[in-house]
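Below: the structure, in structure tokens.
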Amino acid sequence: MIIVYFFCCLILAISYIVLIHFYVKGWLKTTHQNTNKIVQETLSLSVIVSVRNESKSIRRCIESIIAQQYPSRLMEVILVNDFSTDDTLDIIKEYSSAIRLINLSDLLPKDRENFANKKQAITEAIKQASHSLILCGDGDCFYGDLWVASMIQYYEKYHKKFVTGPIDFIDSNGIWQNFLHMDLIAMNGVTAGSIGQKKPVMASGANMLFEKEAFLQVNGYAGNEHIASGDDIFLMQKIFMKDKKAIGFVKNRNAMALTKGPQTISEFIHQRIRWTSKSGEMVDKQVWWVLLFNYFFYLTCFLNLLILPWLDWVYLGFGIMMLGLKILIDSLFFKNLLAFYSKPSLFKWILPLELLHIIYVSLMGVLAIFGQYTWKGRSLKK
């Protein structure tokens, strides 16, 4: 029985290597882009940001958007206030000459105040948008002055109906922030790698551009309005299911969205429960199977390293074998990713962070099934 279990563990580990190698090849297929500052932009777009209780970050967000090196005559900025209870609305009003403001409280009944309304906010903004291209950002992010130009130039070159870009954290000091940073970089790598292989599994709502017509053709968020998050992945999957060549990733540091990582463990847990809780609702069931396999691999590593050795030390050997093979292929991936992010110094953290990652993924899968989470001051079920 032990021998059979060992070969099952070995097959899992080899399958994981094949999967990550698939993403590495996809990452390498994704062409690195440079932003041409000389090009005379001609495409118009609507930048949409849905916000709730972002008083600490919204000023920086707005100022980074209105400072874009892109003709203001071709760009409108729409902010949607989702029943904020702090000073967010007052701060937004300070920029009324540069942006358009939509208040969800003027459009939705009072009882919607305690619902997650981000998809509704984006939908309302798209209805009122003047332009055929939509670029979505987040209120807790800010952007370099070539963000819009970088996203638009990619669209002009490749004509993808849905485009997503990279995210980066602005703080990476200490083991906790380094763990968050490596985790985010890995997710960006999987996002770009899967898109490069035409098997997209992730996108970022903080940095996505899409055609208004493509949004309308798939009926927007119809069918998943009841799920709090997923304004990015669900829309991408619906467009992908209609056109397998429609998705692109902007591999350009000028296209990055910048934000702070979760500041506490509690905030991190609630964020990851929210992200994980949408997994069972994926339109593309291939993505669901990939996520299920990935979780099963992590859970097996966790059991072999921390639980089963209490029964028999031989399981620890199985766990070390799986962890070693995981680190081997992950190291190859991270070498490429950290070069793009210009953060090669983070590589020295890979061993402790791999161990932390196995624990956190294993526990998060359970919490996502049974747990609740808070988001922007709202208590929500999965």
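Below are the figures for this structure:
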quantity: Lone unmet requirement of (1) over 20 Å from Phe210 (Cα atoms); (2) at pLDDT 95 or above; (3) surrounded by fewer than 21 Cβ atoms within 10 Å (Cβ to Cβ) for Ile92; calculated: (3)
quantity: The listed residue being free of Cβ contacts under 8 Å to residues at least 60 places away in the same chain and touching a helix residue (DSSP H, G or I) at 6+ places or on another chain (Cβ under 9 Å), out of Val218, Val201, Val163, Val148; calculated: Val218
quantity: Which listed residue, of Phe333, Phe296, is modelled with pLDDT of 90 or more, under 29 Å from Arg253 (Cα atoms) and outside the structural domain of Lys118 (by TED's automatic domain parsing); calculated: Phe333
quantity: Unmet requirement for Tyr143, which otherwise passes all of (1) more than 26 Å from Glu63 (Cα to Cα); (2) at pLDDT 95 or above; calculated: (1)
quantity: Number of the exception - Ser64 against (1) of a type outside the set (Val, Ile, Thr); (2) surrounded by 20 or more Cβ atoms within 10 Å (Cβ to Cβ); (3) not assigned by TED's automatic domain parsing to the domain that holds Leu328; calculated: (2)
quantity: Residue match in region 151-170 (condition: of a type in the set (Gly, Ala, Ser), modelled with pLDDT of 95 or more and under 30 Å from Ser345 (Cα atoms)); calculated: yes
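For every residue, the table says whether it meets (1) aromatic (Phe, Trp, Tyr); (2) surrounded by fewer than 21 Cβ atoms within 10 Å (Cβ to Cβ); (3) more than 13 Å from the chain's Cα centre (by Cα).
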residue	(1), (2), (3)
Val190	no, no, no
Gly196	no, no, yes
Lys199	no, yes, yes
Met236	no, no, no
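The values are calculated or read from the model by the stated rules, or taken from the named source; none is laboratory data. Bear in mind that the values here come from a model prediction, so they are computed numbers and not experimental data. Backbone-built Cβ (ideal geometry, glycine too); neighbour counts: all protein chains shown.
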